[in-house]
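Structure, as structure tokens:
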Amino acid sequence: MTFTYIFSGFAVGTLVGLTGVGGGSLMTPLLTLLFGVSPSVAVGTDLAFASITKATGTFTHRLRGTVDWQIVRLLCYGALPAALIATLGLKYFGSLNKEIGQVIRYSIAASVFLTVIALLFKSKMLNWLNNHPEKQLQGRQLQAATVAAGVLLGTLVTISSIGAGAIGATLLVMLYPRMSAAHIAGTDIAYAVPLTAIAAFGHWWLGSIDWALLGALLIGSLPGITLGSMAARAVPEKLLRGILATTLTLVATKLIF
């Protein structure tokens with residue numbers, strides 16, 4: 001089984017490298033559906049996995065100067081308190097009991113559907129905003145909307161481990177349509193480091209992290225991400241995103257039914 005986990009980590013890492021979509025959208029449903037891992041343990045383990053891999057990515061983006069730290073701060077103002085409150089909510093209601101496990105399962109499905117929407121319609125939303133500059137937020141409204149986006153993402157990530165990748169990047173594109181793609185990616189990864197770390201610590205407190213599983217996933221994913229990143233330019237992006245969106249839709253449907 002350990003080899004299977006390593007191979008799964010490699011496969012997910014490769015897809016993340018190829019598409020840029022967060023590993024949670026793929027890893028958490030995979031652990032739940034294919035390996036029968038309980039939803040709460042799948043979420044907790046994936047959050048610990050994400051906090052390690054995203055920290056590495058942030059270091060790279062910081063060296064390249066592609067992180068907007070002011071936006072990172074605004075997102076964290078909303079996301080970190082939301083993560084703490086969501087963790088306390090899971091503790092109060094019992095994250096490992098069957099009923100809450102089912103709620104987490106549905107939360108994972110909802111987050112996967114949001115990821116699919118982000119994958120398919122991000123470009124169209126960006127084009128619409130660029131064609132309607134009067135609809136773009138400015139000043140205090142933009143700052144408040146950024147904090148609110150952080151609250152949404154902090155809650156989603158803590159409950160389902162999904163949201164800090166494609167959903168977070170899409171929200172940043174909608175709020176800051178003039179920001180370059182490199183800065184979107186760097187900022188999205190940077191704010192997710194403290195968020196996933198706090199959420200992972202919360203799940204460790206709840207007892208919902210499988211450390212042996214985490215180690216196996218990391219062994220596979222790190223070379224997979226490297227390989228996927230190297231091959232990304234050789235594969236048509238539209239084809240990859242279409243296949244990924246179809247796969248995620250089927251996964252979310254299976255999680256519900």
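The values are calculated or read from the model by the stated rules, or taken from the named source; none is laboratory data. Only a predicted model underlies this, so the values are computations on that prediction, with no experimental measurement involved. Cβ atoms come from the backbone with ideal geometry, glycine included; neighbour counts cover every protein chain shown.
Per-residue answers, yes or no, for (1) buried (at least 18 other Cβ atoms within 10 Å of the Cβ); (2) more than 20 Å from residue 53 (Cβ to Cβ); (3) among the β-branched types (Val, Ile, Thr):
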{"site": "118", "(1), (2), (3)": "yes, no, no"}
{"site": "141", "(1), (2), (3)": "no, yes, no"}
{"site": "146", "(1), (2), (3)": "yes, yes, yes"}
{"site": "154", "(1), (2), (3)": "yes, no, no"}
{"site": "198", "(1), (2), (3)": "yes, no, yes"}
{"site": "214", "(1), (2), (3)": "yes, no, no"}
Residue within the stretch 234-248 that is outside any helix (DSSP H, G or I) and either at pLDDT below 85 or under 24 Å from residue 44 (Cβ atoms) (or both) present: yes
Flag if residue 187 is modelled with pLDDT under 90 and either of a type in the set (Phe, Trp, Tyr) or under 30 Å from residue 32 (Cα atoms) (or both): yes
Identity of the residue in the stretch 88-101, closer than 20 Å to residue 27 by Cβ and of a type outside the set (A, V, I, L, M, F, W, C), that ends up surrounded by the fewest Cβ atoms within 10 Å (Cβ to Cβ): 101
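Out of the stretch 170-186, which residues are over 13 Å from residue 62 (Cα atoms) and among the small types (Gly, Ala, Ser)?
Applying the first criterion (over 13 Å from residue 62 (Cα atoms)) to the stretch 170-186 yields 170-181.
Selection gives 180, 181.
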Lone qualifier among 166, 182 - being over 24 Å from residue 29 (Cβ atoms), of a type in the set (A, V, I, L, M) and either modelled with pLDDT under 90 or buried (at least 24 other Cβ atoms within 10 Å of the Cβ) (or both): 182
Of all residues making up the stretch 156-196, the number that are in contact with a helix residue (DSSP H, G or I) (Cβ under 8 Å, 6 or more places away or on another chain), farther than 14 Å from residue 51 by Cβ and in a helix (DSSP H, G or I): 19
Positions within the stretch 31-89 being part of a loop (DSSP other than H, G, I, E, B) and closer than 27 Å to residue 254 by Cβ, in sequence order: 34, 35, 36, 37, 38
Subset tally (residues that are modelled with pLDDT under 80 and touching a helix residue (DSSP H, G or I) at 6+ places or on another chain (Cβ under 7 Å)) for the stretch 83-103: 6
